[in-house]
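Peer 1: I'd like to ask you about the structure that follows.
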Amino acid sequence: MTNDTSFLPSNIELRDLAEEVGGILQSLFHAVRPMPGGVDLLPLVPSVGEGAGALPKLWHLILENATRLDSPLMSGHMDTAPHPYAVLTQTIVSALNQNMLFRELSPFASNIEESLIELFLDRLNLGSDWGGTWASGGSIANLTALFCAVGGYDGGVERTNVHMLLPESGHASLKKAAAILGIPKSQISLIKCNDAGAIDIDALDQSLSGKAGSAHCVVTSVLGTTIHGSVDDISGISSLCQKYGAWHHVDAIYGGALMFSKSHRKLLAGLSGANSVVVGPQKWMYVPRVSAAVLISGKDDFDRKLGVSMPYSISGETHRGFWGLQGSRPADAVVLWTLLQALGTDVIGQQIDASIALTQNFYKCLLDCKTVAPAHVPDLNLQVIRPGGKLDAIEIQKNLTREGGLWTSVSQWRDQMYLRTVLLSPKLNEKHVSDFAVSLEEAAS
Ligand SMILES: *Cc1c(COP(=O)(O)O)cnc(C)c1O
């Protein structure tokens, strides 16, 4: 490759670079060690670059210094290596750079986004009168839905008259959204949860009975909490919210993927009684960050509260950018759609079921350990682990990281630190989980 620094590469350079990328991708899908050995110093940004010739070594530098989600040992977060089909599709989607803001800049992609929203509504049993849009990630999706819950663009509900009830175990983005929406602190309360982070329905009933009538109540429940992966009783919460006239928002960013599972989709029962639901393909549907869908009950409400027309481009059909908070948006839906076309939804569902089954076995292995113990019975594929010996969670994590085997995160729940595992990687098998229990036992001794 030459060191020519003209703006665009020659055709020959382009061919050589594409070959290099192909090689990197192949090695990338076979990582073993989850964490880099150390992190290299960054080269300075030059005023005169080295041209195409610099790229391969820069790519290798990036690769060697990255955490490797594609390693099955990287089991500490709700982050998985995207499926290889999704990665390859993403490169094409990036190069095409379609903009979901305007239909003329994303004609096919706009149709794809709409078809996936229809698919989600159907698989989640939400009925045909729901509307939906796509958003860049779970936090923006929660903000969009809660914005709608307090009136959206259609003249908001007086914030001092809103009462926002967020679960104790809720994702940080819920608190951020409440603050961004200008809900006074005195109008935000935490719903008591059980020890595994699922909403205590009686506690919710009590809070609502004290507030309803005098305030516009907004309740958030979670399908797959961030620490324990716990699933709330969505039906029960929907019924309570209906009884008190409260808005029920469901954060299903993680657990929404159960829509493709045959064995566990019953956990989604009652969703149609909610007012808004968010789902996040980037986690358990094996596509790259960031993507999410916001689904709102009532097409009229959806248009009125989340729609703003854009005078810059007038067209016969509504642009996807009409709805939601963002302007330009990448065509993330295309990546998921292509993956689903290639694999079919059943295969994704089977993968989800397999990871839940594996976690149930991991739980059993942990019951036999002496220096660590499972902190809860897993609902999904997350298992929180309580240190039971002399070492605390951070010390155990350090030992694990040094060994270069299983890597877990450390999470704080209430006032205790725990090790947290998320068994997402499709490469995980029974041998891994029994080895994980042994690694944890050793790292904690
Ligand atoms: C990951 C997650 C979010 C936030 O999603 P981001 O894409 O990181 O903004 C919100 N809620 C739940 C339950 C999550 O798991």
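The values are calculated or read from the model by the stated rules, or taken from the named source; none is laboratory data. These figures come from a predicted structure and were not determined experimentally. Heads up, the Cβs are rebuilt from the backbone with ideal geometry, glycines too, and the neighbour counts pull from every protein chain shown. To get the accessible areas, we keep the full protein, side chains included, count just its heavy atoms, and leave off ligands, DNA and RNA. Shrake-Rupley method; radii C 1.70, N 1.55, O 1.52, S 1.80 Å.
Peer 1: Output the qualifying pairs, or none if there are none: Cβ atoms under 7 angstrom, residues six or more apart or on different chains, first residue in region 148-161 and touching a residue at least 40 places away in the same chain (Cβ under 8 Å), second residue surrounded by fewer than 13 Cβ atoms within 10 Å (Cβ to Cβ) and part of a loop (DSSP other than H, G, I, E, B).
Peer 2: Tyr153/Val308
Peer 1: Name the residues in region 79-97 that are open to solvent by 60 Å² or more (accessible area, probe 1.4 Å) and at negative phi, would you?
Peer 2: The first filter runs over region 79-97 and keeps only residues open to solvent by 60 Å² or more (accessible area, probe 1.4 Å), leaving 85, 88, 91-92, 94-97.
Listed by number, the residues that qualify are Tyr85, Leu88, Thr91, Ile92, Ser94, Ala95, Leu96.
Peer 1: Has region 313-332 got at least one residue that is open to solvent by 10 Å² or more (accessible area, probe 1.4 Å) and under 17 Å from Ala257 (Cα atoms)?
Peer 2: Yes, that holds for at least one residue.
Peer 1: All but one of (1) of a type outside the set (A, V, I, L, M, F, W, C); (2) within 13 Å of Glu441 (Cα to Cα); (3) touching a Lys or Arg at 6+ places or on another chain (Cβ under 8 Å) hold for Asp368; state the number of the condition that does not hold.
Peer 2: (3)
Peer 1: Looking at (1) open to solvent by 30 Å² or more (accessible area, probe 1.4 Å); (2) under 21 Å from Ser297 (Cβ atoms), which is the one condition that is false for Lys192?
Peer 2: Of the numbered conditions (1) open to solvent by 30 Å² or more (accessible area, probe 1.4 Å); (2) under 21 Å from Ser297 (Cβ atoms), the odd one out for Lys192 is (2).
The rows are residues; the columns are (1) more than 12 Å from the ligand (Cβ to nearest atom); (2) surrounded by fewer than 24 Cβ atoms within 10 Å (Cβ to Cβ).
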{"residue": "Ser239", "(1), (2)": "yes, yes"}
{"residue": "Lys243", "(1), (2)": "yes, yes"}
{"residue": "Val250", "(1), (2)": "no, no"}
{"residue": "Lys262", "(1), (2)": "yes, yes"}
{"residue": "Gly280", "(1), (2)": "no, no"}
{"residue": "Trp284", "(1), (2)": "no, no"}
{"residue": "Val290", "(1), (2)": "no, yes"}
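Peer 1: In the set Glu168, Glu118, Glu158, which member is open to solvent by less than 70 Å² (accessible area, probe 1.4 Å), charged (D, E, K, R) and in the same structural domain as Ala198 (by TED's automatic domain parsing)?
Peer 2: Step by step, each of Glu168, Glu118, Glu158 is checked, and only Glu168 is open to solvent by less than 70 Å² (accessible area, probe 1.4 Å), charged (D, E, K, R) and in the same structural domain as Ala198 (by TED's automatic domain parsing).
Peer 1: So how many residues does region 171-189 have that are open to solvent by 30 Å² or more (accessible area, probe 1.4 Å) and in contact with a strand residue (DSSP E or B) (Cβ under 6 Å, 6 or more places away or on another chain)? Outline the logic, then answer.
Peer 2: Of all residues in region 171-189, those open to solvent by 30 Å² or more (accessible area, probe 1.4 Å) come to 171-172, 175-176, 179-180, 182, 184-189.
Within this subset, residues satisfying the condition of being in contact with a strand residue (DSSP E or B) (Cβ under 6 Å, 6 or more places away or on another chain) are 187-189.
Number of matching residues: 3.
Peer 1: Just name the residue that is farthest from the ligand (Cβ to nearest atom) out of those in region 105-136 that are part of a loop (DSSP other than H, G, I, E, B) and touching a residue at least 24 places away in the same chain (Cβ under 8 Å).
Peer 2: Step one: of region 105-136, the residues part of a loop (DSSP other than H, G, I, E, B) are 106, 124-129, 136.
Going one step further and asking which of them are touching a residue at least 24 places away in the same chain (Cβ under 8 Å), we end up with 106, 124-127, 129, 136.
Numbers: Ser106: 21, Leu124: 16, Asn125: 20, Leu126: 18, Gly127: 23, Asp129: 25, Ser136: 8 Å.
Residue satisfying both the conditions and the ranking: Asp129.
Peer 1: Right, here's the next one. Give the residues of region 215-229 that are within 10 Å of the ligand (Cβ to nearest atom) and out of contact with any Ser or Thr (no Cβ under 6 Å at 6 or more places or on another chain), sorted by residue number. Break it down stepwise before answering.
Peer 2: Just the residues of region 215-229 that are within 10 Å of the ligand (Cβ to nearest atom), to begin with: 220, 222-227, 229.
Selection gives Thr220, Val222, Leu223, Gly224, Thr226, Gly229.
Peer 1: Of all residues in region 302-324, count the ones that are among the basic types (Lys, Arg) and either touching a Gly at 6+ places or on another chain (Cβ under 8 Å) or not assigned by TED's automatic domain parsing to the domain that holds Gln98 (or both).
Peer 2: Total meeting the criteria: 2.
Peer 1: I've got another one for you. Which residues, counting only those in region 139-164, are of a type in the set (Val, Ile, Thr) and under 26 Å from the mean Cα position of the chain (by Cα)?
Peer 2: Result: Ile140, Thr144, Val150.
Residue-by-condition table, conditions (1) within 17 Å of the chain's Cα centre (by Cα); (2) in contact (Cβ under 8 Å) with a residue 60 or more places away in the chain; (3) within 25 Å of Ile348 (Cβ to Cβ):
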| residue | (1), (2), (3) |
| --- | --- |
| Ile234 | no, no, yes |
| Cys241 | no, no, no |
| Ile253 | yes, yes, yes |
| Met259 | yes, yes, yes |
| Leu271 | no, yes, yes |
| Asn275 | no, yes, no |
| Pro281 | yes, no, yes |
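Peer 1: Against the definition (over 20 Å from Gly229 (Cα atoms) and either within 15 Å of the ligand (Cβ to nearest atom) or surrounded by fewer than 24 Cβ atoms within 10 Å (Cβ to Cβ) (or both)), how does Asp300 come out, yes or no?
Peer 2: Yes; evaluated as a whole, the condition is true for this residue.
Peer 1: A further question follows. If I filter region 36-50 for residues that are outside any loop (DSSP other than H, G, I, E, B) and either under 29 Å from the mean Cα position of the chain (by Cα) or surrounded by 17 or more Cβ atoms within 10 Å (Cβ to Cβ) (or both), do I get at least one hit? Quick ask: steps written out before the conclusion?
Peer 2: At the first step, the residues of region 36-50 found to be outside any loop (DSSP other than H, G, I, E, B) are none.
No: zero hits.
Peer 1: Please go through region 414-432 and give me each residue that is assigned to a strand (DSSP E or B) and either open to solvent by 30 Å² or more (accessible area, probe 1.4 Å) or not polar (S, T, N, Q) (or both), ordered by number.
Peer 2: Correct list: Gln416, Met417, Tyr418, Leu419, Arg420, Val422.
Peer 1: Could you please find all residues in region 304-330 being more than 16 Å from the ligand (Cβ to nearest atom) and under 25 Å from the mean Cα position of the chain (by Cα)?
Peer 2: Lys305, Leu306, Gly307, Arg320, Gly321, Phe322, Trp323, Gly327, Ser328 - these are the residues of region 304-330 that are more than 16 Å from the ligand (Cβ to nearest atom) and under 25 Å from the mean Cα position of the chain (by Cα).
Peer 1: Which residue is farthest from the ligand (Cβ to nearest atom), if the candidates are limited to region 64-78 and must be open to solvent by 50 Å² or more (accessible area, probe 1.4 Å) and part of a loop (DSSP other than H, G, I, E, B)?
Peer 2: Thr67
Peer 1: Continuing with this model, one more query. What residue, among those in region 199-232 that are in contact with a strand residue (DSSP E or B) (Cβ under 8 Å, 6 or more places away or on another chain) and free of Cβ contacts under 8 Å to residues at least 40 places away in the same chain, is most open to solvent (accessible area, probe 1.4 Å)?
Peer 2: Ranking the qualifying residues of region 199-232, first place goes to Asp200.
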